[in-house]
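Report on one structure; see the data block that follows.
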Amino acid sequence: METVELTNMCMIENQKGQVVVQLRKKKDWPGLTFPGGHVLPDESFHDAVVREVYEETGLTISCPKLCGIKQFKTSAGVRYMVLFYRTNSFVGELTESIEGPVFWLEPNRIQEYQVAPDFLKMYQVFCSETLSEFFYQKKGDGWNIQLN
């Protein structure tokens, strides 16, 4: 039987076209990314993304739409899945968390920052009408990123 770890990430957009980004401090995946985190046991995917966004940004989102998925096998053989969500419906004020500072940013400025590994490829899935999956596929001694 396969073991799966479920997580989420959400792109929140305001009326100006800016997105909420987080500058993660954690050494395991540092850099600019979108807020998100783990799905708790017996928690719905929807409730998990709403909770994680609130914990990391202070914003309460509504109407998150599933827009893609990232998946890969960890070194321990666990299938790690990240559910990608988008929303432009939220209330509250941005508040920094232990994960790192959060702020509104124009999307064309994302590349001005150190981004988390593979975040720019993931961002393509968030923004695409035709892509829905980011998949690491084992190829020989390395990994190949597949966008479907």
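The values are calculated or read from the model by the stated rules, or taken from the named source; none is laboratory data. Small disclaimer: the values here were computed from a predicted structure and weren't measured. Quick reminder, even Gly has a Cβ in these numbers, built from the backbone with ideal geometry, and neighbours come from all protein chains shown. Accessible surface is based on the protein model in full, side chains and every heavy atom, while ligands, DNA and RNA are left aside. Shrake-Rupley method; radii C 1.70, N 1.55, O 1.52, S 1.80 Å.
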Can you list, largest first and rounded to whole Å, the semi-axes you get for segment 19-142 by taking the square root of 5 times each eigenvalue of its Cα gyration tensor?
23, 18, 15
Would you work out what percent of the accessible area of the chain, with all protein chains in place, is carbon or sulfur (probe 1.4 Å)?
52
Applying the Karplus parametrisation 6.51 cos²θ - 1.76 cosθ + 1.60 with θ = phi - 60° to the phi angles of segment 6-23, what ³J(HN,Hα) value in whole Hz is obtained for each residue in order, glycine and proline being reported as x?
9, 9, 8, 8, 9, 9, 10, 10, 9, 5, 8, x, 7, 10, 7, 10, 10, 9
Mean-square fluctuation maximum in Gaussian network of the chain, Cα pairs under 10 Å, restricted to T74, T87, T60, hits T74
Return the sequence-ordered ³J(HN,Hα) values of segment 32-44 in whole Hz as given by the Karplus equation 6.51 cos²θ - 1.76 cosθ + 1.60 applied to θ = phi - 60°, using x for Gly and Pro.
6, 7, 9, x, x, x, 7, 8, 7, x, 6, 9, 5
Which residue, H46, G36, G142, has the largest displacement toward the positive end of the dipole of the chain when charges sit on each Cβ (Lys, Arg +1; Asp, Glu -1)?
G142
In order over segment 126-135: 3J(HN,Hα) from phi, Karplus 6.51/-1.76/1.60, θ = phi - 60°, whole Hz, x for each Gly or Pro, gives 4, 9, 8, 8, 10, 8, 9, 9, 10, 9
Add -39500 (n - 2.57) for each DSSP H run of 4 or more in the chain, then divide by its residues: what number comes out at 222 nm, to the nearest 500 deg cm²/dmol?
-4500 deg cm²/dmol
Candidates R109, R24, R86, ranked by Gaussian network fluctuation over the chain, Cα under 10 Å, top entry
R109
Cut-off under 23 Å on the C-alpha distance; same-chain residues fewer than 8 positions from K27 excluded. Which lysines are left, in chain and number order?
K70, K73, K121
Round to a whole angstrom and tell me the spacing of the C-alpha centers of segment 81-144 and segment 9-47.
8
Accessible solvent surface per residue of segment 16-137, calculated while the other protein chains remain in place, 1.4 angstrom probe, Å²:
54
Quick one: angle between helix 45-57 and the longest Cα principal axis of the chain, in degrees between 0 and 90, rounded to 10, please.
60
Paramagnetic reach from K73 in segment 1-44 [backbone N under 15 Å; point 7 Å along Cα→Cβ]:
1-5
